Amino acid sequence: MKAGKLSGVLRRRTILTAGVAIGALPIASPFILPARGETPVKLGWVDPLTGILSALAQSEVEGARYAVAEVNGKGGILGRPVELLVEDSANDVGTGVQKTRKLIDRDQVDAIFGDVNSGIAYAMSQVTNEKKVFHIVPGGHTDPITGADCKWNVFRICNTTSMDAAAITPELVKTFGKKWFFITPDYAYGHTLQDAFVKNLKKAGGSYDGDMLPINTSDFSATLIKAKGYGPNVLLNNMGGLAQINCMKQFTQFGLGKDMGLGGALFEIESIKGVPKDAQTGWWVMEWWWNQPGVPHVADFVAAFRKGAGKTPSARHWFGYAGIHSVRLAAERAKSLAGPKLAAAMEDLELPPDVALQPGKVRYRAGDHELMSNVFVGQVHPPKGDADDVFATAALVPGEAAAGPVAETGCKMSHPA
Amino acid sequence: MNGAAVVAAIRRPAETRWLPLAALWAVLLAVPLWLPLVGGYTALAGRVLVLGLAAIGFNLLLGFTGVMSFGHAAYFGLGAYGAGLTLRYLAASTPLAMLLGTLLGGVAGTLFGLLIARRRGVYFAMVTIAFGQVCYYIAYSWNDLTGGFDGLRGFRRAPIGLGPLVLDIAGDGPAFYYFLLGVFAAAVALMGLLLRSPLGHSFIAIRENERRARFLGIPVERHIWLSFSISCGFTALAGSLYALLNNFADPLGLHYSLSGEIVIMTVMGGMRTFWGPLLGAAVFVVLQDYISSMTTNWMSFIGLLFVVVVLFFPRGLLGFLPRRGAR
């Protein structure tokens, strides 16, 4: 090769290398910034921002961001600004575990939140416990997280599947009957939810059939045909997010609405708005509802949130909102952000009315670290007037009543020495 | 790259041959010192090593035997589950977990290889995908044993006792990284020796011209089968290390998307070079780690990079260098 050509190659390569280096600068630079005067409190948030649960996850993150702005506007946590680091778990357990490790190892966050997906939340709790990092599960419902596998560092805001099932079963039996058909996702959430329903149904003397389907299922025709053949009084659609929406769409396409009722545990506002009118029906559970006439602070919060975020807050928004404020409250009580101290301060911490945003005493029960919030039991209906008015609360079941005593959860809390 | 270039690369003067290698090992050995300074963390380097080992193992088949498999995640995942199940149900012994994990993936690959060694090209690739998906759905549905979608939890890597000495790799410190590096070095040395042996040369002969290799009397099917089995064994070893790294195993470790990622790492790094897949794994893992914090569309960036590499560096990032030297 001639020298002239060679230098030409070198020059091109130099330019290429320089291009890559400049391109890499914005990626690399945030990590080598020197510490500023006020070190921020770092909160790590892992949620499935992509995948079938993305709508729910995005609501949680929006709620959290709203709360972070609010907290920072009032002086932060222990006088330090709050920084929220959000990671996508892609609705995959392995990725969620990896992201949790990354937030703890690289970013050295003070607390971890997540995940909407019960299986991921469950797996994350093993990591946070191993690393002794304070962990709040805002919206992963499977029971063992605050039951048989409860951990000193893990708290949960949303209900357990048992709480939801116990609260709604009497209405389903009364309204529809005792012959049920389940469509349930085949992972931690679905397993514990169906078990809880079956337990309650058997107590009432009912019978059931059903299918366990992969969490990402999009074609429900075989199962719906099976359901039609079984002829249940009510179909319990336990799927989550987009899978639940797809199942509902096919349910109406098959015209099954005249053969059986609809109902179950969670049919969240994000999903209700995505299904056909015929499927906007049945008895369901909300874990927080924006329309609570006469309850102090709720109307103010909803108005402010609508103004700030441009949408009506859902239960997921509230999970995110309450999660951030819970850390603030616990840190103020503990005067520290150390994992064990935060955890100790969270036990039996009662949320003030402007955070609880619902009636009654809402506290993190010390025995199992479950938030004792109300279960909103009621009927879903097509929008009336307000586009978000799709649910009529019939009864509020207090958390303590739905959850039963700590002994029944199977949790034996052991604290670090 | 053609055979002449490989020979030229091997026959470079000793100094230029050893210098890059020494530099590579110096960089790898010093990871716990420099990585935190540039914003990384040691567990990230662990992932690079593990996926790099999987890709180098895979490259034995793709780059050095010239056979394309799209199902190597199956053996990676089987290695992970083998290790995880051992630690959870059999004994808290890290070496036993690695051994059984490697055996599970390696033996599965060996048996499966018997069936497919006669297939070629796209048919070979398709059957490997199918086998991978079979493993994936078994792991997904067998809730009682594997934990199903939720993954296999409830095991931890155990410290290794060497007589009076105890190698404490259970913690987060650099000890576990150096343990990974040691296993990586041993595996890579084995593969390097293999490629320099007559068997390795016959693999390359098959890659360069299968018909000619057959006329020379090389039992092509048996050698492809051997290459496939060995490649699966090393990938399974990487999988078992992955389970130890995360203290966790999940079905996505068996999914074809991971197989695709292994192919991307290998091709991006340079499939005709020995170390290319490690570089590819490093680029992939680091990009994934950083960009996925910023945007949920991080895969688009990896895809873009892959397109750029294939268009402008068809021999991969590392394949570009020896070509220049050989001209």
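Only the coordinates and a few stated rules stand behind these numbers; no lab work does. Quick caveat: nothing in here was measured; it's all calculated off a predicted structure. Cβ coordinates were reconstructed from backbone atoms using ideal geometry, including for glycine residues, and neighbour counts include every protein chain displayed.
Applying 1/(1 + (r/R0)^6) with r as the Cβ-Cβ distance of residue B:214 and residue B:120 and R0 = 22 angstrom yields a FRET efficiency of 0.95. Rounded to a whole number, what is D in µm²/s for chain B from Stokes-Einstein with the Kirkwood radius over alpha-carbon pairs (20 °C, 1.002 mPa s)? Value of D from the Cα-based Kirkwood radius: 106 µm²/s. Across region A:55-72, computed HN-Hα scalar couplings (Karplus, 6.51 cos²θ - 1.76 cosθ + 1.60, θ = phi - 60°) run 4, 5, 5, 5, 4, 4, 5, 4, x, 5, 5, 4, 5, 5, 4, 5, 5, 5 Hz from first to last residue, x flagging Gly and Pro.
Only Cα pairs under 8 Å and 6+ residues apart enter the sum, and on that basis the relative contact order of region B:24-101 stands at 17 percent. Of the beta bridges in chain A, as assigned by DSSP with both residues counted there, near 30 percent are antiparallel. For residue A:42, give me every one of the lysines with a C-alpha distance below 21 angstrom, ignoring sequence neighbours fewer than eight places off in its own chain. By straight Cα distance, residue A:42 reaches A:74, A:99, A:102, A:131, A:132, A:335, A:341. Could you let me know the centre-to-centre spacing of region B:218-288 and region A:45-83, using Cα atoms, in angstrom? Comparing the Cα centres of region B:218-288 and region A:45-83, I get a distance of 37 Å. From least to most packed, judged by other beta carbons within 10 angstrom and beginning with the fewest, A:150, A:158 follow the order A:150, A:158. Projecting the Cα atoms of A:319, A:296, A:282 onto the charge dipole of chain A, computed from C-beta unit charges around the Cα centre, puts A:319 farthest toward the positive end.
Considering only B:117, B:290, B:304, the residue lying farthest towards the positive end of the dipole of region B:41-326 is B:117, judged by Cα position with unit charges set on Cβ. Placing +1 on each Lys and Arg Cβ and -1 on each Asp and Glu Cβ, with no other charges, gives chain A a dipole about its Cα centre of roughly 1280 debye. Straight-line cross-link reach from residue A:307 at under 20 Å between alpha-carbon atoms covers these aspartates and glutamates, not counting any fewer than eight positions away in the same chain: A:60, A:62, A:70, A:270, A:354, A:386, A:388, A:389. Over chain A, Cα pairs under 8 Å with separation of 6+ residues give a relative contact order of 17 percent.
For region A:250-350, trypsin sites (Lys or Arg not before Pro) meeting the loop criterion (DSSP other than H, G, I, E, B) and having at most 16 other Cβ atoms within 10 Å: A:273, A:311, A:335. Placing +1 on the Cβ of every Lys and Arg and -1 on the Cβ of every Asp and Glu, with nothing else charged, gives region B:41-326 a dipole about its Cα centre of roughly 980 debye.
Note: relative contact order over region B:97-240, using C-alpha pairs below 8 Å and six or more positions apart, is 44 percent. Considering helices alone, the calculated mean residue ellipticity of chain A at 222 nm is -14000 deg cm²/dmol, with DSSP H runs of length four and up weighted by -39500 (n - 2.57) and normalised per residue. With the convex hull of the Cα atoms taken as the outline of region A:71-131, the averaged projected area works out to 4.5 nm². A dipole drawn for region B:41-326 from +1 and -1 charges on Cβ atoms has a positive end, and of B:44, B:226, B:197 the residue lying farthest that way is B:197.
Residues whose amide H lies under 5 Å from that of residue B:152, counting only those 5 or more places away or on a different chain, are B:249, B:250; hydrogens are built 1.01 Å from N in the peptide plane.
Shown for the protein assembly as shown: cysteine residues without a partner Cβ closer than 4.7 Å, namely A:158, A:247, B:135, B:232.
Centre-to-centre, using Cα atoms only, region A:100-170 and region A:356-388 are separated by 19 Å. Annotation: the antiparallel percentage among DSSP beta bridges lying fully within the protein assembly as shown is about 35.
Phi-derived couplings, Karplus 6.51 cos²θ - 1.76 cosθ + 1.60 at θ = phi - 60°, listed residue by residue for region A:108-120: 6, 5, 7, 8, 10, 10, x, 9, 4, 6, 4, x, 5 Hz, with x used for Gly and Pro. Secondary-structure-derived ellipticity at 222 nm for chain B, considering helices only, amounts to -23500 deg cm²/dmol, per-run term -39500 (n - 2.57) for DSSP H runs with n ≥ 4.
In this structure, residue B:165 and residue B:27 have a Cβ-Cβ separation that, at R0 = 30 Å, corresponds to a calculated FRET efficiency of about 0.65.
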